[in-house]
Amino acid sequence: MGEVDVHALRGVDLDLTTGEFVVLLGPSGSGKSTLLNILGGLDTPTSGTVHFRDHELTDFDDAELTRYRREHVGFVFQFYNLIPSLTALENVALITEIARSPLDPLAALELVDLGNRKDHFPAQLSGGEQQRVAIARAVAKQPDVLLCDEPTGALDVQTGIMVLEAIQRINRELGTTTAVITHNAVIADMADRVIHISGGLITGVDSNDHKREAAELTW
Amino acid sequence: MSALNRKTLRDLWQMKGQAVAIALVIGCGVALFVLSRSLLYSLELTQNTYYQRYHFADVFATLKRAPDVLADRIAQIPGVSRLERRIVVGVNLTVPGLAEPAMGRLVSLPDTRKPALNQLFLRRGRWLTPRRDDEVLASEAFADANQMHVGDSFLAVINGRQKRLKIAGIVLSPEYIYEIKPGDMLPDNRHFGVFWMNHEALSIAYNLEGAFNDVTLSLMRGASTAEVIQRLDELIEPYGGLGAYARKDQPSHMFVDNEIEQNRQLGLIMPTVFLGVAAFLLNVVLSRIINLQREEIAALKAFGYSKWEVGWHYLKLVLLIVGVGMLVGLPGGAWFGHEVTGMYAKLFHFPEFKYHLTYDVALTATLVSVAAATLGAWGAIARAVRLPPAEAMRPEPPTNYGPTVLERLQLGHWTPPVVRMILRQLERHPLKTSLSVLAISLAVAIVVLGNFMEDSLNYVINAQFRLVQRYDMSLVTTEPVSRRAVHEVASMPGVLTVEPTRSVATRMRAGPRSRRVSILGIPTDSNLYGLVNVDGHRISLPPDGMVISRKLAEILEIRVGDSVQVEVLEGKKPVREVVVVGTLQDFTGVSSYMNIDALSRLMREGPVVTGVHLLVDPLEQEPLYRLLKDVPQVAGVTIKQHAIDSFEKTVGENMMVMKQINLLFACVIAIGVVYNSARISLSERSRELATLRVIGFTRGEISAILLGELAIVTLLAVPLGLWFGYLVAALTVSTLDLELFRFPLVIERTTYGLASAVVITASVASGLLVRRRLDQLDLIGVLKSRE
């Protein structure tokens, strides 16, 4: 078998506006994770440009990308990626220590209703609780952009909804631009805009006139 | 404390067993480094201060008899700073509590002033009363060995007359830090001692009034030693000068220097091995941790921790382990240093031998260990630094599997499933398997290294005392005597065999290189003295020409067939060209041998001898000793058994201590390596093993899979380690190729056996420790977590 160039994304043209809640919807392998990674400064596209405010992300070197992530981006991962050797509070503090104007770590945990579990280690928390700690960790730095990669992918419906509620609340209360990627079409109902991705292409963009509350969702 | 630092501490706590094992290996390396460096420093400092404060001479010369006025002419040689003329004579002693004769050397001290050179340190008692002829100052080594105190007395045969001498004081001299009888390799302080006596009394006793027979000089800064020696030789030649020599050829100084040099060499090899192993272990362990923490690293980076912050985070873990190692190693090294200093104090007689651990030794040790550990961990840390955050988010791609050699050979179905699993695991991670084998083999090598010195020394002792010195007793005369003396000795009671010896002091020259060395004349096919090579092979002494030590050939840069200019330093002082007909791979010093008749022809002298080698009936030893004591021409008698006993008492005891220390260190490294390998293996496979348990494998079966792997790795490592041990031993032998001692590369089967046994035991113990963890395997937990 010879080498084959695989393009995860092709001809993507996309704008996110401040305070917006966007859902990137697409099946597995559609390139949505790659898009999220590029938006978050974790990855760079082989061609094309990405802008953040007045800056061109694609011109950034490693150190500048690190600073971009440090100052502007919050991540929530499918598998939470908490540091198992740190308590919930310490996992949040890990980020607030390097941020410019962070929330108090405990306040961030209270935002996701976990103030009472602050001294628990990840292994002592349920999956949903772990994901909420991850959300607290992501928002504690008061990021401009919150990027969530399948935040409910590893969770059951009920817990998933609790996590989505937390994300929605952050978007509303802090005005954080939020992008959630998912293959779960139901989640699209809570977005301002839904961007459909398939085979590395944006196949359509819908605007939701009637955003639904996370609590109303079910799947 | 920052959350990231907390993570460091918790990670460290999580891996505490492994961390302690690695820290101990580092600790051993540091301890050995500190031990050898601080000992080196202490020895050098002690030696230098002693030499300076007590004016140890730079040049030494012995002659027959010269008038005092010659001393003034010697003092005028350009470059001479201080001069002391003395009388030095050898005497036989009768010491209370000692059946056999002892030998003494009497050195004269100026009656009314301090000597200008080689001043004494008064340990106990008082200085000599001027003009007393029955008082001496005794060397501490002799006094201690014979339990003699100030006020005790003994008998000495002074110029043929027996005289009772009283010990006024017990002293030390920079000339006799290592107090050894001329020609011996090991000290025998019971049977040889140095004494100082008033010059006037000694000159009267030996009819040397207004004369001297020994002179020592110190030189001005920048003076050429070689030139002074040449001028001095010219001046003393008419007075029976035996050839002056520099400090570097002074026996006591040579031994102390030899010891310093040995420490310098050993101080490099062993710490390097330990720190190398520690670096390797850190690499393996940290690689594993970083693999396990891929996603944590990704998260840290995603949240804006820079790659250098991530790198520093893991480096801190390494530095903490090094820190623990230092906490063990520095005091450990200092403690060993104290112990070994104590052992040296028995061997070397310094007024004060203090152990010094300097800040710069501690600092160097710290820097070296930090550097080694960082270097070892660097590969793993660099991977953490480089890991692109987007990639780290995804789990590691699965290993590419293929059929094993056994399966390719169609032999797979012959092996039971568990064995097949073990073999596949090993074969599918060839690099990991090789590294584990390598690490464990280093532990084997350390045991071999720790033990081979003893094997080597035992071999040397055995060869020296059984193959080379086949005699029971050797006897040296005060000056050459007729060969008839051999028959006289032969007729003494108890004497079974006698062979004559003729020893001639010479200086050998080859081009610009020269060396003072005695030629020993012995009969061809001597039964009592064998010329034996390192391999135990005896070489025969040709009827003519000279056989010299390989080391001497190296020093003079000559080969077999070359001729050497031999400048005899006694008698008529002939200068001759002598062909080197063979070289001898001997163990100690530098020597040169000739057929005794050929030597007589060289000397243009009749059949004379300067000593004999004897085989003695053990039952008749007592009367023979008594008889020999009363023969005035006998300068000294050496009983071989005393040398062996004295060796076993001093060097043997020290060897035992060193051996135990080495064994301890080897065990630390073996357990450190094996335990770490087993833990990493467990960590890598716990998921797989838990799965097996869930689908119905028993604890025994999964233990067999994990421990079987360890067993195979250990069994592969043992022969490799023995080979490594052999190589490192060979390296050690070649770096310790010093002039005074040379160690042959001898490794006994017991050493190989011990090395294998220690590592296999450590392996089994580590296996059992890990097996306990296997029993506690959290089946559900392991399956739930994603790796």
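Here are the numbers for this structure:
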quantity: Candidate set from the stretch B:314-324 (those that are within 29 Å of A:ALA138 (Cβ to Cβ) and crowded, with 21+ Cβ neighbours inside 10 Å); member that is nearest to the other protein chains (Cβ to nearest Cβ); calculated: B:LEU317
quantity: Failed item in (1) modelled with pLDDT under 90; (2) among the polar types (S, T, N, Q); (3) assigned to a strand (DSSP E or B); (4) crowded, with 19+ Cβ neighbours inside 10 Å, with B:ASN189 passing the rest; calculated: (3)
quantity: The lone exception for B:VAL580 - which of (1) modelled with pLDDT under 90; (2) closer than 27 Å to B:PRO480 by Cα it fails; calculated: (1)
quantity: Considering residues of the stretch B:511-531 that are assigned to a strand (DSSP E or B) and over 30 Å from the mean Cα position of the chain (by Cα) only, the residue surrounded by the fewest Cβ atoms within 10 Å (Cβ to Cβ); calculated: B:ILE522
quantity: Criterion (of a type outside the set (Ser, Thr, Tyr), under 28 Å from B:GLY536 (Cα atoms) and either surrounded by 17 or more Cβ atoms within 10 Å (Cβ to Cβ) or in contact with a Phe, Trp or Tyr (Cβ under 9 Å, 6 or more places away or on another chain) (or both)) met by exactly one of B:PHE743, B:PHE665; calculated: B:PHE743
quantity: Residues satisfying the stated conditions in the stretch A:171-193, i.e. of a type in the set (Lys, Arg) and either touching an Asp or Glu at 6+ places or on another chain (Cβ under 8 Å) or part of a loop (DSSP other than H, G, I, E, B) (or both); calculated: A:ARG193
quantity: Residue list for the stretch B:290-312, restricted to those being within 11 Å of chain A (Cβ to nearest Cβ) and surrounded by fewer than 20 Cβ atoms within 10 Å (Cβ to Cβ); calculated: B:LEU292, B:SER306, B:TRP308, B:GLU309
quantity: Residue match in the stretch B:49-59 (condition: farther than 30 Å from B:LEU664 by Cβ, crowded, with 24+ Cβ neighbours inside 10 Å, more than 14 Å from every other protein chain (Cβ to nearest Cβ) and not aliphatic (A, V, I, L, M)); calculated: yes
quantity: Counted residues, the stretch B:291-334 - those being farther than 15 Å from B:ALA19 by Cα and part of a helix (DSSP H, G or I); calculated: 23
quantity: Within the stretch B:335-351, tally of residues that are of a type in the set (D, E, K, R) and either assigned to a loop (DSSP other than H, G, I, E, B) or modelled with pLDDT of 80 or more (or both); calculated: 1
quantity: Leading residue by the ranking (nearest to A:VAL73 (Cα to Cα)) among those in the stretch A:171-181 that are among the hydrophobic types (A, V, I, L, M, F, W, C) and crowded, with 24+ Cβ neighbours inside 10 Å; calculated: A:ALA179
quantity: Out of B:VAL534, B:VAL578, B:VAL564, sole residue that is part of a strand (DSSP E or B) and farther than 21 Å from B:PRO607 by Cα; calculated: B:VAL564
quantity: Candidate set: the stretch A:51-75, residues that are crowded, with 18+ Cβ neighbours inside 10 Å and outside any helix (DSSP H, G or I); chosen: the one nearest to the other protein chains (Cβ to nearest Cβ); calculated: A:PHE75
quantity: Failed item, numbered, when A:LEU42 is tested on (1) under 20 Å from B:TRP308 (Cβ atoms); (2) part of a loop (DSSP other than H, G, I, E, B); (3) more than 7 Å from every other protein chain (Cβ to nearest Cβ); calculated: (3)
quantity: Filter result (part of a loop (DSSP other than H, G, I, E, B), farther than 16 Å from A:HIS183 by Cβ and either modelled with pLDDT of 90 or more or of a type outside the set (Lys, Arg) (or both)) within the stretch A:209-219; calculated: A:ASP209, A:HIS210, A:GLU213, A:THR218
quantity: Qualifying residue in the stretch B:622-630 (condition: assigned to a strand (DSSP E or B), surrounded by fewer than 21 Cβ atoms within 10 Å (Cβ to Cβ) and over 37 Å from the mean Cα position of the chain (by Cα)); calculated: no
quantity: For B:SER677: the one exception among (1) farther than 23 Å from B:GLU179 by Cα; (2) surrounded by fewer than 17 Cβ atoms within 10 Å (Cβ to Cβ); (3) modelled with pLDDT of 75 or more; calculated: (2)
quantity: Candidates B:LEU552, B:LEU541 - the one that is free of Cβ contacts under 8 Å to residues at least 60 places away in the same chain, part of a loop (DSSP other than H, G, I, E, B) and among the aliphatic types (A, V, I, L, M); calculated: B:LEU541
quantity: Which listed residue is closer than 21 Å to A:GLY31 by Cβ, of a type in the set (A, V, I, L, M) and within 13 Å of the chain's Cα centre (by Cα), from A:LEU57, A:LEU146; calculated: A:LEU146
quantity: Residue match in the stretch A:194-208 (condition: in a strand (DSSP E or B), touching a helix residue (DSSP H, G or I) at 6+ places or on another chain (Cβ under 6 Å) and within 14 Å of chain B (Cβ to nearest Cβ)); calculated: no
quantity: Yes/no for B:PHE280 being within 11 Å of another protein chain (Cβ to nearest Cβ) and in contact with a Gly (Cβ under 8 Å, 6 or more places away or on another chain); calculated: no
quantity: Residues of the stretch B:640-696 that turn out to be in a loop (DSSP other than H, G, I, E, B) and either among the charged types (D, E, K, R) or touching a helix residue (DSSP H, G or I) at 6+ places or on another chain (Cβ under 8 Å) (or both), as a count; calculated: 0
quantity: Looking only at the stretch B:532-551, and only at residues there that are surrounded by 22 or more Cβ atoms within 10 Å (Cβ to Cβ) and under 25 Å from the mean Cα position of the chain (by Cα), the one that is nearest to B:SER563 (Cα to Cα); calculated: B:ILE548
quantity: Residue match in the stretch B:502-511 (condition: in contact with a His (Cβ under 9 Å, 6 or more places away or on another chain) and among the polar types (S, T, N, Q)); calculated: no
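The values are calculated or read from the model by the stated rules, or taken from the named source; none is laboratory data. These numbers were taken from a predicted model, which means no experiment stands behind them. Neighbour counts are summed over all protein chains in view; Cβ atoms, including those assigned to glycine, are modelled from backbone coordinates with ideal geometry.
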